[in-house]
Amino acid sequence: MISVAINGYGTIGKRVADAVAAQDDMKVVGVSKTKPDFEARVAVEKGYDLYISIPEREKLFDEAGIPVSGTVEDMLEEADIVVDATPEGIGAKNLEMYRKKGIKAIFQGGEKHDAIGLSFNSFANYEDSLGAEYTRVVSCNTTGLCRTLKPIDDLCGIKKVRAVMVRRGADPVQVGKGPINAIVPNPPTVPSHHGPDLKTVMKGVNIHTVALLVPTTLMHQHNIMVELEDPVDADEIKARLDETTRVMLVRTSEGLASTAEIMEYAKELGRSRNDLFEIPVWEESINVVDGELFYMQAVHQESDAVPESVDAIRALLEVEDDNMKSIRKTNRAMGIL
Ligand code: NAD
């Protein structure tokens, strides 16, 4: 049984904790919080041991009546591996602590590839992380690109990708973030960082991306154009994406015409927190014109990369050398379609 610590129990950390707890070869030895807020209280109610990242704040947890099992350093003593889900930039600072403790660590997409030295996607480069000390699960957007571009590359080769990434302005809980009434080129420089990020896991792919923020919290949406090496028709692409795990074809004709309706579908599936780990691709959007493939997809930013964090644990600890075996195990435990 692999003992996993989750450092940073926020949007990503709480989902990774539940995904780890659902596996039969892993257990959560603790989660960490900086503040005695509702998430800290719920973590304890769910049965997770709670550790604090700022020891001077122990009194605040005492006053709030939230029991604490120790500090993050104490939590690391209990664990074989740590999943760091702290806010962007803090993970890289924590690396020194993990190195001193001699513990393997998995970081999230907010960290820079260069700060960690290795990036991870279950389909594109699982084997690169086998036995490594540290790896970084690429961001929600990059995971979304990888999930569909990798099977397309395997099917017919990719000459060139261009993608327009329509990004949610904030996560649902981020009440202070926007925009609330604007479309913002973000980053304003072209191409955006998403293409280079994909190359950290799909090496050699020729991709350029542009991105903008819009006033929505539900999902990201991607518009993807791919020049193909070998001629294939739209039906072959549909068939390949349909059989690819962690990808799902959705149909406007069935009422799944928007990110709002797709999130409603996730609720209908009875998923915890309405999560959609799979990448939905609009079937009607898939078309090949003059050897160029067009398609549109969405990304549930809060959850799509969570199964990848679980697979990364097996890769770093070398308990499973075959990526598809880990993917199937993770999927079964998380109810992924
Ligand atoms: P979040 O703010 O929701 O959660 C971060 C948690 O870490 C909070 O509970 C916070 O209290 C805690 N924390 C803060 N400082 C800490 C410290 N020094 N030590 C321990 N814990 C600390 O952030 P998030 O959205 O879950 O993002 C976490 C990482 O995942 C980032 O790298 C982010 O870029 C990446 N990511 C986020 C999303 C998303 O859409 N939210 C998607 C994919 C990847």
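In the stretch 213-267, taking the dipole from charged Cβ atoms about the Cα centre, the farthest positive-side position among GLN221, PRO231, MET263 is held by MET263. Per residue, the accessible area of the chain comes to 43 Å² when a 1.4 Å probe rolls over the protein heavy atoms. Here, the chain is characterised by an Rg to Rh ratio of 0.97, where Rg is the alpha-carbon radius of gyration and Rh the Kirkwood radius.
Once the mean of 1/r is taken over each pair of separate Cα atoms and inverted, the stretch 140-299 shows a Kirkwood hydrodynamic radius of 16.2 Å. Extension gain for ASP235-MET1 works out to 79.9 nm (0.36 nm per residue, less the C-alpha to C-alpha distance).
Run the helix sum for the chain: -39,500 (n - 2.57) per DSSP H stretch of 4+ residues, divided by residue count, reported at 222 nm to the nearest 500 deg cm²/dmol. Calculated at 222 nm, the ellipticity per residue is -9500 deg cm²/dmol.
PHE38 contributes about 130 Å² of solvent-accessible surface, heavy atoms of the protein only, 1.4 Å probe. Averaged over residues, the count of other Cβ atoms within 10 Å places the peptides 30-36, 262-268 in the sequence 30-36, 262-268, highest first. Within the chain, DSSP assigns beta bridges of which about 40% are antiparallel (rounded to the nearest 5).
The 3J(HN,Hα) values that the Karplus relation (6.51, -1.76, 1.60; θ = phi - 60°) gives for the stretch 46-56 are, in residue order, 6, x, 7, 6, 9, 10, 10, 8, 10, x, 4 Hz. Gly and Pro appear as x.
Over 20 Å apart at the Cα level, from the set LYS93/LYS199; LYS35/LYS59; LYS160/LYS325; LYS238/LYS329, are LYS93/LYS199; LYS160/LYS325; LYS238/LYS329. What a 1.4 Å probe finds exposed on the chain is 50% carbon and sulfur by accessible area, rounded to a whole percent. Under the simplified labelling scheme, the ALA182-ARG328 pair shows an inter-label distance of 5.1 nm, with each label point 7 Å from Cα along Cα→Cβ.
Computed about the Cα centre, the dipole magnitude for the chain is approximately 720 debye when only Lys and Arg (+1) and Asp and Glu (-1) carry charge, each at its Cβ.
Think of each Lys and Arg Cβ as +1 and each Asp and Glu Cβ as -1; about the Cα centre, that makes the dipole of the stretch 140-299 roughly 860 debye.
For LYS100, the aspartates and glutamates whose Cα falls under 19 Å of its own Cα, not counting residues fewer than eight places away in the same chain, are GLU73, ASP74, GLU77, GLU78, ASP80, ASP84, GLU133.
The values are calculated or read from the model by the stated rules, or taken from the named source; none is laboratory data. Predicted, not measured: the structure shown is a model, and the values here were computed from it. Methodologically, a virtual Cβ is constructed for each residue, glycine included, from the backbone with ideal geometry; neighbour enumeration extends over all protein chains shown. Note: areas computed on protein heavy atoms with side chains; ligands, DNA, RNA excluded. Shrake-Rupley method; radii C 1.70, N 1.55, O 1.52, S 1.80 Å.
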